[in-house]
Each structure stands twice: as structure tokens, then as C-alpha cells.
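Undergrad: After the C-alpha cells below, expect a handful of questions from me.
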Amino acid sequence: MEFIPGLARWIHFVAGITWIGLLYYFNLVQIPALKDAAADGSAGGITKHVAPRALLWFRWAAVATWLAVLQCYKRILSVHLHYKLDTKVLVSVLG
């Protein structure tokens, strides 16, 4: 079970990048594209097929990011409490 902290860090890292990347996609790509597609009447494909999938990935990336960071904080807190709040040991263990 020693691999759990490292795995939690990587999940947090990758899910966070996915979450932020999709946020930029929505703000910089999809919103302007929806305006242009609505102007020429072709917004149906985007709103029916692309947006729901992107929102699904956005939501689950956010959930995975938060769950992974909670696992990381759980590890930090358990080490912190085990060594009786000695911050020098905490820094050397979590390094």
C-alpha cells in the first residue's frame, strides 16, 4: 500500500490538468463556437453531442481532483499526527 500516496498525487495532477483544460475549452472554444453556430443555425450538433460529453468529463475530473487531494491530505495529516506535530519530520517524510 506504499504506492497509494504517489498514485493519489498523479491522479490529482492529471485530473487537475483535465479539469482546468476543459474549463479553458468551455470558455475559449465552445462558448464562441456556440454563438457562431447559433447565428447560422447549426448549433444542434454541438449542444446535443459535444457539450454533454465535455460536461461529463469536466464533472468527473473535478470529482477525481478533489478525491485525490483529500487522499493526499489524509496522508499528510496521519504522518503529522503520528510524529506528534513535529514539522521537521513531516517535511523529511513527505519530501
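The values are calculated or read from the model by the stated rules, or taken from the named source; none is laboratory data. What you are looking at is a predicted structure, and each value in this text was computed from that prediction instead of being measured. Positions of Cβ are generated from backbone atoms using ideal geometry, with glycine treated the same way; all protein chains shown enter the neighbour counts.
Undergrad: Assigned to a helix (DSSP H, G or I), touching a residue at least 12 places away in the same chain (Cβ under 8 Å) and either surrounded by 13 or more Cβ atoms within 10 Å (Cβ to Cβ) or of a type in the set (S, T, N, Q) (or both), is that true of Ala37?
TA: no
Undergrad: Picking from Leu56, Leu23, Leu81, which residue would you name as being modelled with pLDDT of 85 or more, exposed (fewer than 13 other Cβ atoms within 10 Å of the Cβ) and assigned to a helix (DSSP H, G or I)?
TA: After applying the criteria, what remains is Leu56.
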